[in-house]
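Presented below is the structure to which this report refers.
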Amino acid sequence: MRWRPTVRTGVAGLLALGLMVPPPARAAEAVSPAGFVAAYPTVAAAMRSAGGPYADWVAAGRSFLAFDPHGDGLAVEVLGDLGSADRIAVVVPGVDSTLRDFDRGLGGVRRRAPAVQARVLHDEIRALRPDARVAVLAWLGYDTPDGLGRAAARTEHARAGAAALVELTRTLARHRPDATVTLVGHSYGALVLGLAAAELPPQVTDLVTLAGIGTGVDRAAELGTGARVWAAEAPDDWIRRLPPVRVFGFGHGVRPASPGFGARPLPVAGVTGHDGYLVPGSTTLRATALVTLGATGRVDETAVSGR
């Protein structure tokens, strides 16, 4: 996403809520956080003004904290009642995630869509515990790298995303201080989590990495966070072929699912490919739901199946 000279409708709301980081020249325009629900009507109006398909999302009763259609676009959708939630999960997508594919998925593959992944996770949590007061955020709150080239091999996009994610979690902590927060990063999104880790508030209790390309460090203990760190990596995920290096600003270190990294393993039985983690019926999906609900011990196939 590229910033333009003026702040557009919807972006001011993001700044006010701490959902994105203002550009340096406009940092003074950030204001004190407002209530979450206060953002919904303003963002909905901006989406209606933008036309289809965004107006259709609002008409369907969906709730958004943030929206900006310019450039690659931004969107933060909320599943559940964020105002009363005591368990909050934030799904952080990776490379090539744009507003255009927020709902339909990259290449039209819906399991790749941030909105779909967040909805599936929310449904799984509610299926496990129907009375849970839970909210799940589909957080396209940063400009992701385009493709698997130079930008994806470097950290600039992830550092900007990490700064925005830290602001989001601090805003959540201010408004829901008794709630626990689980961050779920897929692929390059795991790097965003890793770079944010040391600055996260204590309400963030768990970092879940799915097909993580790296976190910017070589050991979980180096992340500088008290949060538990979890990792899932399918046997046939192409991410396994990435070299665990950091050289001259390229590469992201040891993958979090590597045995020596020190993350808690999540089950991947039945998961195939790079995008099969948060899909209905997945063992990783259920495990991530259990972590969001407060699981602290070993979350393996036995725990997930209930045996």
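Taking the average, over residues, of other Cβ atoms within 10 Å as the packing measure, peptides 106-118, 67-79 rank 67-79, 106-118 from highest down.
Nearest 5 is fine: what % of DSSP beta bridges in region 42-147 come out antiparallel, could you say? Taking every DSSP beta bridge within region 42-147, about 70 percent pair in antiparallel fashion.
Expressed as a whole percent, the accessible area of region 54-149 that falls on carbon and sulfur atoms is 45 (1.4 Å probe). When both region 107-146 and region 196-211 are represented by their alpha-carbon centers, they are found 17 Å apart.
With both labels modelled 7 Å from their Cα along Cα-to-Cβ, the Arg159 to Ser49 distance reads 3.4 nm. Note on His70 and Arg126: the model spin-label points, each 7 Å out from Cα along the C-beta direction, lie 3.5 nm apart. Rolling a 1.4 Å probe across the protein heavy atoms gives region 120-213 an accessible surface of 33 Å² per residue. Across region 49-123, Cα pairs under 8 Å and at least six residues apart give a relative contact order of 21 percent.
The values are calculated or read from the model by the stated rules, or taken from the named source; none is laboratory data. Everything quoted here is computed from the prediction, not taken from an experiment. Positions of Cβ are generated from backbone atoms using ideal geometry, with glycine treated the same way; all protein chains shown enter the neighbour counts. SASA here: full protein model, heavy atoms, side chains in, ligands and nucleic acids out. Shrake-Rupley method; radii C 1.70, N 1.55, O 1.52, S 1.80 Å.
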